[in-house]
Amino acid sequence: MTQDTYDVVVAGGGHNGLTAAAYLSRAGLSVLVLERLDHVGGAAISAQAFEGFPTRLSRYSYLVSLLPEQIRTDLGLDIELASRQTASYSPFLDGPRATGLLVETPEGEATAASFRAVTGSDEEYAAWQSFYEEVGDLARVVAPTLTSPLPIADAIRSQVGAPIWRDIVERPLGEAIERRFSNDLVRGVVATDALIGTFAGLGEESLIQNRCFLYHLIGNGTGEWRVPVGGMGAVTGAIAKAAYAGGAEVLTGATVTSIRGGAVGEGAEVAWTDASGSHTVAADYVLSGLAPYVLDDLLGRTPSTAAKPVGAQLKINMLLQRLPRLRSGEDPTVAFAGTLHLGESYSELERAYAEAAAGSVPTEMPGEVYCHSLTDPSILGDVPPGTQTLTYFGLHTPATLFEDPITREERKAQAVERAIASLDRHLLDPIASVVARSADGEPCIEAKIPQEIEADLAMPGGHIFHGDLAWPWAPDAADLTTPAARWGVATDVGSVLLCGSGAVRGGAVSGLGGHNAAQAVLELR
């Protein structure tokens, strides 16, 4: 730190905080970033998870869709995002027959043939194409607005068809899925995008599942999820480089302990501790990349326990000696190249939700598997030929299942066992037979439940979005007279703004929270 007062202090050095710092420092403002950990990046990092193997995994966040091309261009980010050859593969057992539903990138005749083989006709694929064409129309309207002041709902509504607005924005998503599709597996494949990190039934009246679905389909107008070459840390590294180049100062190992602010123009003060003691710094504005629940505490309030977010995911990172063969006979390099859906037919998803809501680890665990090294072998490093990464992201495992510290480890072990069993069910080679092992013989398997995500990353409840996602627009009657409100980054303290996933258009690796907070500050000045 080179001074006692800055134009802006950013609390949290995740990718959003760094994005804000890059924009503001490049605009000539003095910026200080305070990060609790000994490295920047938050959830968007690459890490060597297994001793003896140089492979760098995207340990927490793992794919990129919502990062706008505009931010990459504005900041001159040297980031390569690679398309996966497969969008998804969903193995399932039809009595004694092992088969699966393949969706290519881009979709072609193999996709149509797979739908035909699984469903018995061309009708379901026609319904699929029609639905996603309409969703695409909505995505193409919404995506360009994400780096502009918030539009009002009617401005979006007036540009899209009434049926898709109703299906995605006004009514529970499950209604549209059940009306538009008849096959249980196809219904489930559509539904999964509504449940990533979101604990909800598909008929939930709050529509949190609808908002999650929308965010998963609007990235750059296409909704394509791509692999960051070099791992997720390459994304953070490029943004950090832009911030440093602009003159932003970054302190790691600096834990923010309090924030005091006032009205616009009154300034703010941030206190933190590090290895050398306690410190205080003044600023015109403070940007919080921390979860709103954490920010409340730093502002001297007592957050309500009931208001604490509830994360819902089981993340398992694995390193394999080789990819396993599938019972369906599908080429593993095709099946694992995209999103492999497990236990995610519509009925299985709803059954798992009911079990988890009743307090039990789902009997049949729904989840998704990714093999990033098929798309980006550079993350492997110097490893034996055939080695591959495997990442599992489990649904319907809310933090509430692991609340009791006495039973937490037992519950976690049960969830991991059932997650691997959901994969083994479709394999000729069980995971135990192909997993790499460390020098002491331990399998290269790392699992994280929501409580561990919270401990590692200070995300309350382990919620990967810092709380339920909001619609990426403002209600028709919203008061957007202030810059902070217009950009969706306002708090009730004028000199303190949100710049993280808790902002109106935050969530996922997008940089949107940081970009939009920076634009609000520049307008305020």
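The values are calculated or read from the model by the stated rules, or taken from the named source; none is laboratory data. Just so it is clear, the structure is predicted and the values come from calculations on it, not from any experiment. Every residue, glycine as well, gets a Cβ built from its backbone with ideal geometry; the counts of neighbours run over all protein chains shown. Protein only, heavy atoms only, side chains kept; ligands, DNA and RNA dropped before computing areas. Shrake-Rupley method; radii C 1.70, N 1.55, O 1.52, S 1.80 Å.
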**Asked** So what is log10(I(q)/I(0)) for the stretch 90-226 at q = 0.17, 0.18 1/Å, when the Debye sum runs over its Cα atoms only?
**Response** -0.99, -1.10
**Prompt:** Can you list the HN-Hα couplings for the stretch 501-516, worked out from phi with the Karplus curve (6.51, -1.76, 1.60; θ = phi - 60°), rounded to whole Hz and with x for Gly and Pro?
**Reply:** 5, x, 5, 3, 10, x, x, 6, 8, 10, x, 5, x, x, 4, 5
**Request:** Give me the accessible area of Phe53, 1.4 Å probe, in Å² rounded to the nearest 10.
**Result:** 30 Å²
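How much of the accessible area of the chain, probe 1.4 Å, is carbon plus sulfur, in whole percent? Walk me through the intermediate numbers first.
Values: 9670 of 19580 Å².
Result for the chain: 49 percent of the exposed heavy-atom area is carbon or sulfur.
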**Request:** Could you order His279, His463 by accessible surface area, starting with the largest, using a probe radius of 1.4 Å?
**Result:** His279, His463
**Item:** Gap separating the Cα centres of the stretch 110-170 and the stretch 412-478, nearest whole Å
**Value:** 28 Å
**Asked** Using a cut-off of 22 Å between alpha-carbon atoms, which lysines can reach Lys412, once sequence neighbours fewer than 8 places away in the same chain are excluded?
**Response** Lys308, Lys315, Lys448
**Fill in**
Output for the chain (equivalent-ellipsoid semi-axes, sqrt of 5λ from the C-alpha gyration tensor, Å, descending) is 37, 27, 21
**Message:** Given the stretch 142-298, report the % of alpha carbon pairs whose separation exceeds 28 Å.
**Reply:** 47 percent
**Message:** Tell me which GluC sites (Glu not before Pro) from the stretch 227-302 have a DSSP coil assignment and no more than 14 other beta carbons within 10 Å of their own.
**Reply:** Glu266
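Could you order Tyr244, Tyr23 so the one with the most accessible surface comes first? Probe is 1.4 Å.
Output order, biggest surface exposure first: Tyr244, Tyr23.
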**Item:** Volume in Å³ per residue [convex hull over Cα atoms, computed for the stretch 380-465]
**Value:** 142 Å³
**Message:** Quick check: convex hull over the Cα atoms of the stretch 298-365, volume per residue in Å³, rounded to an integer?
**Reply:** 174 Å³
**Prompt:** Can you give the accessible area of Thr280 in Å² (nearest 10), computed on protein heavy atoms with a 1.4 Å probe?
**Reply:** 80 Å²
**Fill in**
Quick shape check on the stretch 165-208: root eigenvalues a ≥ b ≥ c of the Cα gyration tensor, a/c under 1.5 is rounded, otherwise prolate if a/b tops b/c, else oblate, and it reads oblate
**Request:** Would you work out if the stretch 425-525 is rounded, prolate or oblate? Take a ≥ b ≥ c from the square roots of the eigenvalues of the alpha-carbon gyration tensor; rounded if a/c is under 1.5, else prolate when a/b is larger than b/c, oblate otherwise.
**Result:** prolate
**Accessible surface, per residue, of the chain when the full set of protein chains is kept, probe 1.4 Å, Å²** = 37 Å²
**Prompt:** Between Ser258 and residues 5 or more places away or on another chain, which pairs have amide H atoms under 5 Å apart, with H built 1.01 Å from N, and which residues are they?
**Reply:** Ala271
**Residue order for Ile208, Ile406 - accessible surface, 1.4 angstrom probe, largest first** = Ile406, Ile208
**Prompt:** Roughly how much of Val103 is accessible, in Å² to the nearest 10, using a 1.4 Å probe?
**Reply:** 10 Å²
**Message:** List the trypsin sites (Lys or Arg not before Pro) within the stretch 291-374 that DSSP assigns to loop and that have no more than 13 neighbouring Cβ atoms inside 10 Å.
**Reply:** Arg301
**Cα radius of gyration and Dmax for the stretch 1-126 (Å)** = 22.6, 71
**Request:** Starting from the Cα gyration tensor of the stretch 1-41, take the square roots of the eigenvalues, sort them a ≥ b ≥ c, and report rounded, prolate or oblate (rounded when a/c is under 1.5, otherwise prolate if a/b is larger than b/c, else oblate).
**Result:** oblate
**Mean separation of Cα contacts under 8 Å, 6 or more apart, over the residue count of the chain: relative contact order %** = 24 percent
